[in-house]
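These notes are about the structure you will find just below.
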Amino acid sequence: MSGPNQSRWYRLAVRVVTRWCEFYTRDLDPKIAEERRNELASDLHEEGASATGSGLGLGASVATRAIAGAPADLSWRRSERRVADREAGRDFAARWQRDGAVTATAVLGTAMLAWGLFALVRLGIGALNDYGVPYSDFLPMMLGSVVADACGLVLLSRARTRSLGALWLAAASYGLVNTATRSLFYTSATISSIYYANFANMGLADAAVRVAVVCVGLFFLTNAVLWFALRSRKQRPTSMTTGGIS
Amino acid sequence: MARRQTGVLLPLELDILSAGIDLQIANGSFYGFALAKTLSAPGHALTAHGTLYKALARMTASGLLEAEWEASEIGETAGRPRRRLYRVTGLGAEALASAVDDAKPAAAAGWAFS
């Protein structure tokens, strides 16, 4: 007999929710993490066993419950880590600030990537409609910056290469903030109307783009330096010990 | 976001205590999914995993509930993962009664104005 809990939708939802649980319980106290995983496994099983509707409906219910509860999962994780840090005498505030900086960097890097891709799509549309855009002025820089941004985000995801990732994002920021935005002056009716409406707007738009380039670039560079310094400080005791032995 | 006052129960916590006592009377204890089903109105979505288990963890830590894992053999015999069984403590029952008492004057005032 095949009930809704035998459907591939339910099994897929269970797999995804279990992975999500493994993600947000990672590096917590092993006992607490295991309890949450076991409790969730029991809940997922019970929901499957008691379901009477379609497999798709059951899968959607499991997924909806996980998505709606995701903020609470993360908030629970944060409070568990805070407790663990307090017990271990670690400076939670300093670590939270560092983690917050990683999130902000990742969000800004992703937003830049989205902006660059959007500008590239508009360039493509412009090429199809023969807008007369000077492509050689924009295309190489934008393509290179999109690739650099994507590489930066990948490097950012690992603590060991985080500083390097921020440097790549800093390098990509010029092409994605400056060049991509300027290409939109040619390919976006909205942006070109703002830019060319009057002389004062042109000056203001130019200044705004320059300020944005400097701010974004400085943000990434600062984080790159900060993470490099933090990493060096962490490694210093090891190298000193090695130095003493050799 | 405003911080909650210490000692003040959230609506979800009051619902958990109330539904938990009902389930406890019927079955001796209750577990997460049974509670989620009891809390949700028929035809409505079940309480989200994160919301439910975060609240249960918090209430257990504050002594409103007590929790223990079901013996592994019971789960194995029934062919399912073992459940985490909860019970409303005396403190939890008192907190619920007190919250219900506090709500009575407000409800009475509501009637007086209507």
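The values are calculated or read from the model by the stated rules, or taken from the named source; none is laboratory data. Bear in mind the structure is a predicted one, so any value in this text is a computation, not a measurement. Methodologically, a virtual Cβ is constructed for each residue, glycine included, from the backbone with ideal geometry; neighbour enumeration extends over all protein chains shown.
Points to keep in mind about this one:
- Residues in region A:26-36 that are under 28 Å from the mean Cα position of the chain (by Cα), within 11 Å of chain B (Cβ to nearest Cβ) and either aliphatic (A, V, I, L, M) or surrounded by 15 or more Cβ atoms within 10 Å (Cβ to Cβ) (or both): 2 in all.
- One residue from A:Thr25, A:Thr18 being among the β-branched types (Val, Ile, Thr) and in contact with a Lys or Arg (Cβ under 6 Å, 6 or more places away or on another chain): A:Thr25
- Of the helices (runs of 4 or more DSSP H) lying entirely inside region B:12-91, the ones with 2 or more residues being facing chain A (nearest Cβ under 8 Å) and under 14 Å from the mean Cα position of the chain (by Cα) are found at B:32-39, B:49-61.
- Tally, over region A:52-69, of residues that are within 7 Å of chain B (Cβ to nearest Cβ) and buried (at least 16 other Cβ atoms within 10 Å of the Cβ): 5
- Residue that is assigned to a helix (DSSP H, G or I), at negative phi and modelled with pLDDT under 80, where the choices are A:Ile125, A:Ile191: A:Ile191
- From the options A:Leu184, A:Leu153, A:Leu176, residue that is over 20 Å from A:Val107 (Cα atoms), touching a residue at least 40 places away in the same chain (Cβ under 8 Å), assigned to a helix (DSSP H, G or I) and not aromatic (Phe, Trp, Tyr): A:Leu184
- The set of residues from region A:37-51 being among the aliphatic types (A, V, I, L, M) and facing another protein chain (nearest Cβ under 10 Å) comprises A:Leu40, A:Ala41, A:Leu44, A:Ala49.
- Region A:1-21, subset loosely packed, with under 13 Cβ neighbours inside 10 Å and either in contact with a Leu (Cβ under 8 Å, 6 or more places away or on another chain) or not basic (Lys, Arg) (or both), residue farthest from the other protein chains (Cβ to nearest Cβ): A:Ser2
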